[in-house]
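The block underneath contains the structure these notes are about, expressed in structure tokens.
Please treat every number below as a calculation from the coordinates, not as lab data. Every value quoted in this text rests on a predicted model; they were computed, and no experiment measured them. Here the Cβ is made from the backbone with ideal geometry for all residues, glycine too, and neighbour counts use every protein chain on show.
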Amino acid sequence: MKKWMITIAMLILAGIALFVFVSPLTSHKAVSQQDLSDTDFLDDKDSLLYLSTSADQDAFGGGKSYALFISQDGSLSSFKMKGLELGSAKIHGDSVMLEDKNTIFTIKNGLRSHKRAYQHTGDSAGFLQQTDGFYTLYNSGYDKKGDGYRSELYRQMDGEWKKDVIPYYIRASGFHDGAIYALVPTADEKGYQLLQIHADQKKLTYYTITKWQYREGASIESQLAVDDQAVYVMIRGQKASNLYQMVKINKKSGKVELHDIAKYKNDEQTIYSSMPFSFKNSFFSYEGYLYFIDGFGKVYKIDAKTGKSSIAFTLSPEKMKADFKEITRKGSSLYFFTYTYNQPAYIEQYSLKTGKKVKEKEIGKVKDVVTPKSHLKLYDFEVMKGF
């Protein structure tokens, strides 16, 4: 009798232990604006995903987006918003910025929202140290008055959001030391001009650093990476359709250099597969080097001075098969998020210095939000703190 009771007790304890261990990974909570207003909401969160439907979904009233907050224990909190194609979610310290087609949300010791003009396509977002606030940039479309194309910039200044208009279509953008850099078409649309936009001043000013003519058929394959000396962007098709090159533009002189980075087998499928899975985050500057991640998960390390490149490491081939993939850098680490429908999601942490995988984290219940019928696309990924 005693043995039987001991066995039952052990099974109960094992069940409790299993529940405690498993339940966080199977936990999902849909949160409201009231939940985000709690001053301790962000305390246990270590990463953030932004997913949205594309702009055409809004034409039928079905547009939606989600901010997915991942906790340290792997559990998930989802905040539903309206849609915004290519929208952003940004983190700075203990502050978060989210957005949808007509609202900007900021979270810091509570939630604040700012209603703004309708936007259908985002571009990039970031944080301005000089104004101690976020900025977010949109490709807003053609002016209703017929004055041409416009991109709209919203900046937090003195705690309030300020709107400015940049009369160009922005093909790629980047940020460094108080300035936004934007690659925009020339008037004849046969090249690009690089703008330096002084976003840290109350009155927005910008000027052209240089103009660069590209070969017909060449394509921009990344956002801009910027350091103290130059602005960089990845292109394909300038010399050959199967060759990726880095364009380096000197900030002061406007001198343009092209450096060969990666060459692939010259067939249509290989060229298509080589395209970066993340236009927004696949190319960045870190400690005198540029890093470029291609569609095969190869991480190229490029010397910023010489343009010489080598493959530093390769992301997990198994994880590269996932339906959703996104990357982000924080400090000396590269974080790689993957999710396949109806399966657990994962975040892998890689060291940029050694190329080795440091950690892997499993996230449960993404499938509660992201399904084949949800039409959601992954547009941004941020890490709040190490895990």
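One table, with the values for the structure above:
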read-out	value
Helix 2-22 vs. the chain, principal-axis angle (Cα, 0 to 90°, nearest 10)	10 degrees
Length added when fully stretched, K373-D188, from 0.36 nm per residue minus Cα-Cα	62.4 nm
Listed candidates [x] 90, 47, 40; [y] 66, 51, 45; [z] 66, 60, 46 - label of the one calculated as Cα extents along the principal axes in Å	[x]
Residue pairs, from the table K90/K145; K80/K301; K163/K373; K115/K298; K248/K325, whose Cα atoms sit over 29 Å apart	K90/K145; K80/K301; K163/K373; K115/K298
The chain: relative contact order in percent, alpha carbon pairs under 8 Å with at least 6 residues between	13 percent
Straight-distance crosslink candidates among aspartates and glutamates, where the alpha carbon sits under 13 Å from K319 and sequence neighbours closer than 8 are dropped	E348, E360, E362
Choice from A304, A55, A240 showing the highest fluctuation, given a GNM over the chain with Cα pairs closer than 10 Å	A240
Helical contribution to [θ] at 222 nm, DSSP H n ≥ 4, -39,500 (n - 2.57), averaged over the chain, rounded to 500	-2500 deg cm²/dmol
Lys, Arg +1 and Asp, Glu -1 on Cβ, resulting dipole of the range 225-331 about Cα centre, debye, nearest 20	200 debye
Relative contact order of the range 212-280, defined on C-alpha pairs under 8 angstrom at six or more residues apart (%)	26 percent
Aspartates and glutamates whose Cα lies under 13 Å from that of K367, excluding same-chain neighbours fewer than 8 positions away	D323
Extended-chain gain in nm, criterion 0.36 nm per residue less alpha-carbon gap, D73 and A240	55.4 nm
Formal net charge of residues neighbouring V256 (Cβ-Cβ distance under 10 Å; K, R +1; D, E -1)	+2
Distance-filtered residues of the range 353-387 - backbone nitrogen under 17 Å, label point 7 angstrom along D56 Cα→Cβ	373-378
Relative exposure of T328, T186, judged by other C-beta atoms within 10 Å (fewest first)	T186, T328
Relative exposure of E326, E85, judged by other C-beta atoms within 10 Å (fewest first)	E85, E326
Which of D164, D40, D267 has the fewest Cβ neighbours within 10 Å, and the rest in rising order	D40, D267, D164
Euclidean distance between Cα centres, the range 286-331 to the range 171-191, Å	23 Å
Net dipole in debye of the chain [+1 Lys, Arg Cβ; -1 Asp, Glu Cβ; about Cα centre; nearest 20]	460 debye
